[in-house]
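What follows is a single structure, written as structure tokens, with notes after it.
The values are calculated or read from the model by the stated rules, or taken from the named source; none is laboratory data. This is a predicted model, so every value here is computed, not measured. With ideal geometry, Cβ positions are generated from the backbone for all residues, glycine too; neighbour counts draw on all protein chains shown.
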Amino acid sequence: MAASSDDMFAALVEVWKGQFGEAWEAMAGSRPETNVQEAVPAPEPGQPQPVWYRFDLGQGPGASFFVGSQQWANIGAFILAAAGVDAPSPEDIQGTCAEMLNQAASGLARALSKQAGREILAASGVEGPPPPEDAVCTSIRFRIEDSDQELLLAGSESLVNLLLSFSAGAKPEPTPPTALGAERGRSMDLLLDVELPVSVSFGRAQLPLKDVLKLTTGSIVELNRSVSEPVEVIVNNCVIARGEVVVVEGNFGVRIRQVVSRQERLQSLK
């Protein structure tokens, strides 16, 4: 018997929940216990409305997945505190939440690609209006420290139709906890040929605009790093290592002396 649209969306939520747990663990160092509640009560009068992020999946128009919450500030602050950032700005919190959700969406797209037998891409999340009123919606609850948190998940009708089109009634299976390591390994294999921009930072400086306008040929800008300090190796605006400058066959190079920790990588994204 073919699966219903509710069954398909419930299976998708289970897959997303597993990917969300992986993303949370990668950024905060521990995996939260989550539970799904299908009944989603409307916010009480006077309460703030959820802030929603939309993720477009596949190639069909409107095949969108929505994640909303009233508690992004708590969620982002907790993740950044685990990375040693004690007083994050609203921009830091927003960027951290978006990064976590994008990681979960990418994992969901990989799982759907496996189910569909073709590549399904997930566009980066965009903060925007709530999902349409006819969207299927559910709730995921979890605790951080002594506080209850909630994420709302909603799927458009076009998304449910996309799921139903993958196979005749087959639904994506949630990744078993024991297989998470193997699944992550297979996912990494798909990324090994992806090229990333790598840059080396010798230092930085801040100058008043009036001084910038005075720069001419021969001007010297003093950086904030001495000649004895290591340079930074940066990938996608994230510091991943430090090292010393060397010359290889007439070209500059960097000998890696230190690979930075996960906490330092998160802090470098500020």
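Values for this structure:
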read-out	value
Check on Val245, at pLDDT below 85 and either over 30 Å from Ala81 (Cβ atoms) or surrounded by 12 or more Cβ atoms within 10 Å (Cβ to Cβ) (or both)	no
Residue within the stretch 145-158 that is closer than 17 Å to Gln71 by Cβ, of a type in the set (S, T, N, Q) and modelled with pLDDT under 85 present	yes
Residue satisfying all of: in the stretch 214-239; in contact with a strand residue (DSSP E or B) (Cβ under 7 Å, 6 or more places away or on another chain) and at pLDDT below 85; surrounded by the fewest Cβ atoms within 10 Å (Cβ to Cβ) among these	Val235
Where Asp193 falls short, out of the listed (1) modelled with pLDDT of 55 or more; (2) closer than 30 Å to Val51 by Cβ	(2)
In the stretch 136-158, the residues that are more than 17 Å from Thr34 (Cβ to Cβ) and surrounded by fewer than 19 Cβ atoms within 10 Å (Cβ to Cβ)	Glu157, Ser158
Checklist (1) at pLDDT 85 or above; (2) of a type in the set (D, E, K, R); (3) out of contact with any Lys or Arg (no Cβ under 6 Å at 6 or more places or on another chain) applied to Asp92, failing item	(3)
Odd one out for Ile220, checked against (1) aliphatic (A, V, I, L, M); (2) in a loop (DSSP other than H, G, I, E, B); (3) touching a Phe, Trp or Tyr at 6+ places or on another chain (Cβ under 7 Å)	(3)
Restricting the stretch 74-130 to residues that are among the charged types (D, E, K, R) and part of a helix (DSSP H, G or I), the residue that is surrounded by the fewest Cβ atoms within 10 Å (Cβ to Cβ)	Glu91
Qualifying position, being of a type in the set (A, V, I, L, M) and touching a residue at least 40 places away in the same chain (Cβ under 8 Å), among Ala73, Ala105	Ala105
In the stretch 4-59, residue nearest to Gln71 (Cα to Cα) [restricted to those that are of a type in the set (A, V, I, L, M), at pLDDT 75 or above and outside any helix (DSSP H, G or I)]	Val51
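Here is a yes/no grid of residues against (1) more than 30 Å from Asn161 (Cβ to Cβ); (2) modelled with pLDDT under 85; (3) outside the structural domain of Glu14 (by TED's automatic domain parsing):
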{"residue": "Ala81", "(1), (2), (3)": "yes, no, no"}
{"residue": "Gly84", "(1), (2), (3)": "yes, yes, no"}
{"residue": "Leu101", "(1), (2), (3)": "no, no, no"}
{"residue": "Ala104", "(1), (2), (3)": "no, no, no"}
